[in-house]
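Taken together, the values in this text are just the output of simple stated rules run on the coordinates, not laboratory data. Since the structure is predicted, the reported quantities are computational estimates derived from the model, not experimental observations. Here the Cβ is made from the backbone with ideal geometry for all residues, glycine too, and neighbour counts use every protein chain on show.
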Amino acid sequence: MPVTDFLSNNLWARISMDAQASINRMAAVAYVTDASQVPFRDGDTLIVDASDRAVTTGLTNAELLQELFSSGVHLYSLPSLHAKVYAFDDVVFVGSCNLSHSSRNVLREAAIRTVESNAVLEVRQFFQTLLRSAEPIDQAFVTRISQLPVDPRQSSVVVFGPRPASSLWRLETPPPSRSPNMRPYFVALMQAQLGELRKGQPFHLWQGHFGHKGRMQKSGRQFVLTEAGVAHFSQGGKGAPRPDLLEIFLAAVTTGRSDRLPDNLVDRVLVPLQEPESQ
């Protein structure tokens, strides 16, 4: 294993592996909504933006912070934080990824992993600098932010994860089938409901004809992906959309904001993606 490595496609696999193998875990990440890949334990340290703005826009999850606090993790809030830095014993990662479902499953992330001693020392010194400015999160802090109303539509950054169709939006007029916008829009609607593309899990689309024979099946008034469909539309598959366009359409269908749509889209009216019974 090189002393220093650049990681992208297998980034989260390496983060998870090193986190599992370490005795001590420290992380300074702007937003936290999913910590499943880093097994924070009693005595570990997490610095996060747990400001009212981050919590009310859904960028940081108060319930997850309560779980981590109850597990004995040392939590700190730093509203100006934008770093994404992880330190696991003698290995550190410096890159782009927040602790979120979208970082693992949707976004194109990258980071440097290194065990070079000077870099590890400087990262740990960076943590100490952050801690001097951060506010410790105690039970009173967690209780207060847990009572804040959450509305992801107010955020300039979108938190992606599985959502019911009744909370999502669709284009009143879908893009033309040959448009470069069709595939990312199509996959965004699936991704928004499933969290990650999975075989046999039902989801809703708009009324129309879908010619993905062998990749998608009708299930009542819903649809499910086949194994071939998951492989085709997931990142790395032949039918995977451009990540940047997928992110744009995910932002639109999860917030209902037409200003999140691509500039070259002609029909920009968004309407609720309702459950079949109410259509």
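By the gyration tensor of its Cα atoms, with a ≥ b ≥ c the square roots of the eigenvalues, what is the shape of the stretch 9-75: rounded for a/c under 1.5, prolate for a/b over b/c, or oblate? Since a/c reaches 1.5 but b/c is at least a/b, the shape of the stretch 9-75 is classed as oblate. Return the inverse of the average 1/r over all pairs of distinct C-alpha atoms in the stretch 45-99, which is the Kirkwood hydrodynamic radius, in Å to one decimal. In the stretch 45-99 this quantity evaluates to 12.1 Å.
Once the Cβ-Cβ distance of residue 177 and residue 108 is raised to the sixth power relative to R0 = 25 Å, the FRET efficiency obtained is 0.45.
Using +1 on the beta carbon of Lys and Arg, -1 on that of Asp and Glu, and nothing else charged, what's the dipole of the stretch 49-127 about the Cα centre, debye to 20?
Details: 6 positive and 9 negative charges, 47 e Å.
Charge dipole of the stretch 49-127: 220 debye, to the nearest 20.
Can you give the Kirkwood hydrodynamic radius for the stretch 1-140, in Å, rounded to one decimal and based on Cα pairs? Numbers along the way, then the final one.
On the way: mean 1/r = 0.0667 Å⁻¹.
In the stretch 1-140 this quantity evaluates to 15.0 Å.
Convex hull volume per residue, computed on the Cα atoms of the stretch 210-279, equals 122 Å³.
Determine the equivalent ellipsoid of the chain by diagonalising the alpha-carbon gyration tensor, then write out the semi-axes as square roots of 5 times the eigenvalues, largest first, rounded to whole Å. Mind dumping the intermediate values first?
Values: eigenvalues 265, 96, 52 Å².
Semi-axis lengths for the chain are 36, 22, 16 Å.
After finding the eigenvalues of the alpha carbon gyration tensor for the stretch 106-223, what semi-axes result from the square roots of 5 times each, listed largest first in whole Å? Mind showing how you got there, number by number?
On the way: eigenvalues 337, 96, 38 Å².
Here the semi-axes work out to 41, 22, 14 Å.
Descending by average beta-carbon neighbour count within 10 Å, the peptides 58-67, 165-174 line up as 58-67, 165-174, the highest first.
Rounded, prolate or oblate: which fits the stretch 164-249 when a ≥ b ≥ c are the square roots of the eigenvalues of the alpha-carbon gyration tensor, with rounded for a/c under 1.5 and prolate only if a/b beats b/c? Provide the component values of the computation, followed by the final result.
On the way: a/c = 1.27, a/b = 1.05, b/c = 1.20.
Here the stretch 164-249 falls in the rounded category.
Computed over the stretch 72-147, the P(r) curve from all C-alpha pair distances, binned at 10 Å from the origin, holds 16, 39, 36, 9, 0 percent per bin.
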